[in-house]
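This report concerns only the one structure given below.
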Amino acid sequence: MNRESSLASAILKKAEKFGDERIPDPDSFQSISGEGVRISYRGDDVCLGNSKLLESNGIKVDGEVQVMLDRLRADGKTAIILAVNHNVAGVIAVADTIK
């Protein structure tokens, strides 16, 4: 997978710890600066990024998810939304650790 951002690399590294093997490369990959990424993976259309990315791809964020996003942001975390085939499938929260 294209690991061009440190955030994407961190997410992939953590995700790979949960499985026995490396996550395969997607069929297609598009990085959208300031928004996230859009990929095609095993026939699925996947968006991973912020609300602006989802909006520009016609994906609606329902009230429950929006409340969660607002709460995470209020806690100082970066909220990353995962959508598969134009449906919100999950939210990833990341935070910088003090070194």
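Where a number appears in this text, it was derived from the coordinates with a stated rule and is not lab data. Here the structure is a predicted model, which means the values were calculated and not measured. Cβ sites come from the backbone with ideal geometry, for glycine too, and all protein chains shown count toward neighbours.
At a glance:
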{"quantity": "Percent RCO, i.e. relative contact order, over region 45-99, from Cα pairs under 8 Å lying at least 6 residues apart", "calculated": "38 percent"}
{"quantity": "Projected label distance in nm at Tyr41 and Glu64, using a 7 Å step from Cα toward the beta-carbon", "calculated": "2.3 nm"}
{"quantity": "Gaussian network model of the chain, Cα within-10 Å springs - most flexible of Ser31, Ser56, Ser40", "calculated": "Ser56"}
{"quantity": "Mean separation of Cα contacts under 8 Å (6+ apart) over length of the chain, as relative contact order %", "calculated": "18 percent"}
{"quantity": "Mean ellipticity per residue at 222 nm, deg cm²/dmol - from DSSP H runs of n ≥ 4 across the chain, formula -39500 (n - 2.57)", "calculated": "-9000 deg cm²/dmol"}
{"quantity": "Positive-end residue, the chain charge dipole about Cα centroid, Cβ charges, pick of Gly63, Pro24, Ala10", "calculated": "Ala10"}
{"quantity": "Under 12 Å from the Cα of Lys13 - aspartates and glutamates, other chains or at least 8 residues apart", "calculated": "Glu21"}
{"quantity": "Residues of type aspartates and glutamates that Lys77 reaches as a straight line, Cα spacing below 20 Å, ignoring anything fewer than 8 places off in the same chain", "calculated": "Glu35, Asp62, Glu64, Asp96"}
{"quantity": "About the Cα centre, charge dipole magnitude for region 26-94 (Lys/Arg +1, Asp/Glu -1 at Cβ), debye", "calculated": "140 debye"}
{"quantity": "Shape of the chain, Cα gyration tensor, a/c cut at 1.5", "calculated": "oblate"}
{"quantity": "Distance-filtered residues of region 64-90 - backbone nitrogen under 12 Å, label point 7 angstrom along Lys14 Cα→Cβ", "calculated": "77-81"}
